[in-house]
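Okay, so here's the structure we're looking at.
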Amino acid sequence: MLQYDFEESVGYWTVMAAHALHRALSDELAPEGITHRQWQVLAWLAIDGTLSQAELAERMEIEPATLVSVLGRMERNGWIVRRECADDRRKRLVEATPAAEPVWERGVECAHRVRERATRGFSDHDRRELQRLLEALRNNLQGEDLPAGEPCPSALSDAR
C-alpha cells in the first residue's frame, strides 16, 4: 500500500483547497452560463490584457488544442475576438470584447460569493495573513525571496 504523511503536506493542503475553490466557483458560474475555463480566459485577459493563445494556454495550464475549443465558443458568443499578431503572423491574439463585460460582471459576483463562503469566520487579519502566506509559498517556489517578516505587497491591499 502506498504511504505518505498527507497531514504534513503543504502541497496536499493547497491542492485540496484549490480543488474545492474550483468546484465552488464552477457551481456558481454554471447557472450564469459561464464555464470555469471561460472564466479563466476572461480573468487572464482582465489581468494581462490581450494575450496570445499560447500565452493563455500556458497561464491556464492546458494544452493549446484544448483552449481552441473554449475560445471558439467564446468567439461565437461574441465575448472575445482572435486576430493575427502584426509582428508574428503565426500568433493569434485574444482580447475581450465589450459583450464580455456583463459576463465578466456576473462572474465577479460569483467569485465574490465563493470568496465569502471560503473565508467564512476569517477576520480581516486572517484573510490578509492567508494571502501573505500563500504569496510567500508561491514566491519561495519561484525563487523570489522576501525578507523575513516582511509582508507581501499584495497583503497590504484589500484581501481579495
Checklist entry - Restricting attention to region 13-34, does a residue exist that is open to solvent by 70 Å² or more (accessible area, probe 1.4 Å), within 29 Å of residue 118 (Cα to Cα), among the aromatic types (Phe, Trp, Tyr) and in contact with a Phe, Trp or Tyr (Cβ under 8 Å, 6 or more places away or on another chain)? => result no
Next on the checklist: When you check residue 95 against the structure, is it without any contact (Cβ under 8 Å) to a residue 12 or more places away in the chain and in contact with a strand residue (DSSP E or B) (Cβ under 7 Å, 6 or more places away or on another chain), yes or no?
Outcome noted: no
Next on the checklist: Can you say whether residue 114 is at pLDDT 95 or above, in contact with a Phe, Trp or Tyr (Cβ under 9 Å, 6 or more places away or on another chain) and either assigned to a loop (DSSP other than H, G, I, E, B) or not small (Gly, Ala, Ser) (or both), as far as the supplied structure shows?
Outcome noted: no
Next on the checklist: Cβ contacts < 9 Å: first residue closer than 20 Å to residue 111 by Cβ, restricted to region 1-24; second residue at pLDDT 90 or above and among the β-branched types (Val, Ile, Thr), any location; separation 6+ or different chain. Result?
Outcome noted: 21/114; 24/114
Checklist entry - Which residue out of 120, 89, 82, 106 is surrounded by fewer than 13 Cβ atoms within 10 Å (Cβ to Cβ), of a type in the set (Lys, Arg) and either modelled with pLDDT under 95 or in contact with a helix residue (DSSP H, G or I) (Cβ under 9 Å, 6 or more places away or on another chain) (or both)? => result 89
Next on the checklist: Please pick out the residue among 65, 46, 54 that is within 14 Å of the chain's Cα centre (by Cα) and assigned to a helix (DSSP H, G or I).
Outcome noted: 46
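The values are calculated or read from the model by the stated rules, or taken from the named source; none is laboratory data. Predicted model only: the values in this text are computed from it and were never measured. Note that we place each Cβ from the backbone using ideal geometry, even for glycine, and neighbour counts take in every protein chain shown. Side chains included, ligands, DNA and RNA excluded: accessible areas come from the protein's heavy atoms. Shrake-Rupley method; radii C 1.70, N 1.55, O 1.52, S 1.80 Å.
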